[in-house]
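**Student:** Following this message is one structure expressed as structure tokens.
Laboratory data are not the source of any read-out in this text; all were calculated from the coordinates shown. Quick caveat: nothing in here was measured; it's all calculated off a predicted structure. Glycine also receives a Cβ, built like all others from the backbone with ideal geometry; neighbour counts cover every protein chain displayed.
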Amino acid sequence: MNELLTSVLAFVVAISVLVAVHEYGHFWVARRLGIKVLRFSVGFGSPLWRRTGRDGTEYWISAIPLGGYVKMLDEREGNVPPEDLPRCFNRQSPQRRIAVLFAGPAFNFIFAIAAYWVIFVAGVPAIKPMVGEIAAASPAAEAGLQAGDQIVAIDGAPTRTMMEAQLELLSAMVPAGRARLLVEDAAGARRELALRYDGDIQALTEPNAMFPELGISFWRPSVPAVVGELLPEGTAAAAGLQPGDRVLSAAGEPIAEWQDWVEFVRARPGETVGLLIERDGNPMRLELLIGAADEEGVRVGRIGAGPQILAELWDPIRTEQRYGPVAAVGRAVGETWRISELTVTMMARMIMGQVSVKNLSGPINIAQTAGFTAAAGFAAFVTFLAIVSISLGIINLLPIPMLDGGQIVYQVVELAKGSPVSERAQIIGQQVGIFLLLLLMSFAFYNDIVRITAG
């Protein structure tokens, strides 16, 4: 329940902030161009709070926090006093209307730059892209990638963190299935590798599929089999296990690491096994009933216990991205451009059938991610806001009539032909736009539901 509340609250905060930024872009530019703004609302529906400014603009915080809007004076929506006609949106030149329409997405990109600047100045903890176990006879093994290698660059692009390596590898492998890797071994020697994948590229782009398909796992520290977190309702707690207990053996099998313990438990759902543990330096024996759960249609063992994680275990691959206030500006702009470019490229390749549509996320998945990042801390949540803000800006620039991009297309056509787009054409465009948005939302909702049921 706490996770659900966190996800809902984080989602509402994220959507409210990003929509307010987007609509403020329209509002700010419209006001600078002398267009009369009647209302600026964050949210839809009845107002929970309202205030009227000196110029007559209404400011609302509305009951449904899933969007927002800026209402400008427009003759198409009712009679306008003669003295206000020059301030109507529809009376402006196409260039001025384009400026107002483009301002919303532009402010989303500006917000992303500001968000990245904040976290780069504050310092972002990150993990180096160090390779762990390589699957035998896999594309990674054939390329010569080895455990302990650190990925320094992919196709010439530096990869300072795990996230950068993941994004650059995805960008490089689609659609050709080829990537040039520069890696560095534990001794500091560098070498270039040619990674190639000859299978179904679209399958490679499905969520969480790329690295298993390539045979790559990223390095993780060897975690001892010491109990950390216990769920009160789990069978581990019922058996008498306590935080700090070290599992030495189970059913006579030695347990060296936590991963050994996980594999032992998962393979024995419903079984009762004898444990030899160490508590405060003393050996003890316990009987443990292993619980069971369904995971993607497979019955696996569960006991409701997590490992004791020591921060120093991650020291070999821990890093931090921190820059001075001036250097952080360029870094923030670069990161915003990189994420924007990757998003546009993946969207285009999705339309061409080269990237799986399973990557589309709807509000359920976004809410879950909002909750995870909010729980992870300030830097994670702000990074999430930056990425979603970029996505919001790009989506609104798509040439779909219901969106800013579609309205901009109308203005460009008017500039080209010297007269407005006909009302009939606009109605047809609106209907097509509604259909496309519903189709997109249906795919996104379907993917969310599949993820939940599969998890």
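**Student:** According to the square roots a ≥ b ≥ c of the eigenvalues of the Cα gyration tensor, what is the shape class of the stretch 256-365, taking rounded for a/c under 1.5, prolate for a/b larger than b/c otherwise, and oblate for the remainder?
**Tutor:** oblate
**Student:** Can you give the angle from 0 to 90° between the axis of helix 404-417 and the longest principal axis of the chain, with both taken from C-alpha atoms, to the nearest 10?
**Tutor:** With rounding to tens, the tilt is 40 degrees.
**Student:** Taking the Cα centre of the stretch 1-60 as the origin and placing charges on Cβ (Lys, Arg +1; Asp, Glu -1), which of LEU33, TRP60, ALA14 is farthest toward the positive end of the dipole?
**Tutor:** Working it through, the farthest residue towards the positive pole turns out to be LEU33.
**Student:** Please identify the longest segment of the chain free of exposed GluC sites (Glu not before Pro), where exposed means a DSSP state other than H, G, I, E or B and no more than 16 other Cβ atoms within 10 Å.
**Tutor:** My reading of the result: 1-232 is the longest stretch.
**Student:** OK, next. Post the alpha-carbon centroid distance, the stretch 301-348 to the stretch 397-432, in whole angstrom.
**Tutor:** 39
**Student:** Another question about this same structure. The stretch 262-300 to the stretch 110-187: how many Å between their Cα centroids?
**Tutor:** Measuring centre to centre over Cα atoms gives 36 Å.
**Student:** Same structure again: For the stretch 11-60, rounded, prolate or oblate, judged on the Cα gyration tensor with a ≥ b ≥ c (square roots of eigenvalues), a/c < 1.5 rounded, else prolate if a/b > b/c?
**Tutor:** The shape class here is oblate.
**Student:** On to the next question. Arrange the following residues from fewest to most other Cβ atoms within 10 Å of their Cβ: VAL226, VAL183.
**Tutor:** Lowest count first: VAL226, VAL183.
**Student:** Further, regarding this structure: Using +1 at the C-beta of Lys and Arg and -1 at the C-beta of Asp and Glu, which of PRO254, VAL273, ALA292 has the Cα lying farthest in the positive direction of the dipole of the stretch 227-308?
**Tutor:** VAL273
**Student:** Angle between the Cα long axis of helix 423-454 and the longest principal axis of the chain, 0 to 90 degrees, nearest 10?
**Tutor:** For 423-454 against the chain, the angle is about 10 degrees.
**Student:** What's the angle, to the nearest 10 degrees (0 to 90), between helix 363-376's Cα axis and the longest principal axis of the chain?
**Tutor:** 60
**Student:** Mind putting a number on the dipole of the chain about its Cα centre? Charges go on the C-beta only, +1 for Lys and Arg and -1 for Asp and Glu, and I need it in Debye to the nearest 20.
**Tutor:** 1960
**Student:** Hey, with R₀ at 41 Å, roughly what FRET efficiency would ASP200 and GLU341 work out to, going by the Cβ-Cβ distance, to 0.05?
**Tutor:** 0.95
**Student:** What does the charge dipole of the stretch 227-308 about its Cα centre add up to, to the nearest 20 debye, if the Cβ of each Lys and Arg holds +1 and the Cβ of each Asp and Glu holds -1?
**Tutor:** Dipole magnitude for the stretch 227-308 comes out near 180 debye.
**Student:** Hey, another quick one. Evaluate the relative contact order of the chain (contact order divided by residue number), counting alpha-carbon pairs under 8 angstrom at least 6 apart; express in whole percent.
**Tutor:** Once normalised by length, the contact order is 17 percent.
**Student:** Subtract the Cα-Cα distance of VAL421 and LEU289 from 0.36 nm times their separation in residues, and report this length gain in nm to one decimal.
**Tutor:** Extra length from VAL421 to LEU289 when fully extended: 40.4 nm.
**Student:** Based on the Cβ-Cβ distance of LEU438 and ALA327, what FRET efficiency does E = 1/(1 + (r/R0)^6) give at R0 = 35 Å, to the nearest 0.05?
**Tutor:** In this case the efficiency is close to 0.20.
**Student:** Sequence-distant or interchain residues sharing an amide H contact under 5 Å with GLU206, placed H: which?
**Tutor:** SER356
**Student:** Over the alpha carbons of the stretch 227-308, what is the largest minus smallest coordinate on each principal axis, giving the biggest first in Å?
**Tutor:** 40, 26, 20
**Student:** What is the set of long-range amide H partners of LEU397 at a cut-off below 5 Å, with H atoms built 1.01 Å from backbone N?
**Tutor:** GLY405
**Student:** Trypsin sites (Lys or Arg not before Pro) within the stretch 285-356: which are DSSP loop residues with at most 10 other Cβ atoms inside 10 Å?
**Tutor:** none
**Student:** Still on this structure, please answer the following. For log10 I(q)/I(0) by the Debye sum over Cα atoms at q = 0.05 Å⁻¹, which listed value, [x] -0.37; [y] -0.26; [z] -0.19, comes from the coordinates shown?
**Tutor:** Given [x] -0.37; [y] -0.26; [z] -0.19, the structure-derived one carries the label [y].
**Student:** Shifting gears a bit: Classify the stretch 319-423 as rounded, prolate or oblate, taking a ≥ b ≥ c as the square roots of the eigenvalues of its Cα gyration tensor: rounded when a/c is under 1.5, otherwise prolate if a/b is larger than b/c and oblate if not.
**Tutor:** Prolate shape, in that a/c is at least 1.5 and a/b is the bigger ratio.
**Student:** Sticking with this one: Let me check against my output: what whole-number percent is the relative contact order of the stretch 227-308, with C-alpha pairs under 8 Å and at least 6 apart?
**Tutor:** Over the stretch 227-308, the number comes to 39 percent.
**Student:** Taking the beta-carbon count within 10 Å as an exposure proxy, list VAL223, VAL42 from fewest neighbours to most.
**Tutor:** Fewest to most other Cβ atoms nearby, the residues stand as VAL223, VAL42.
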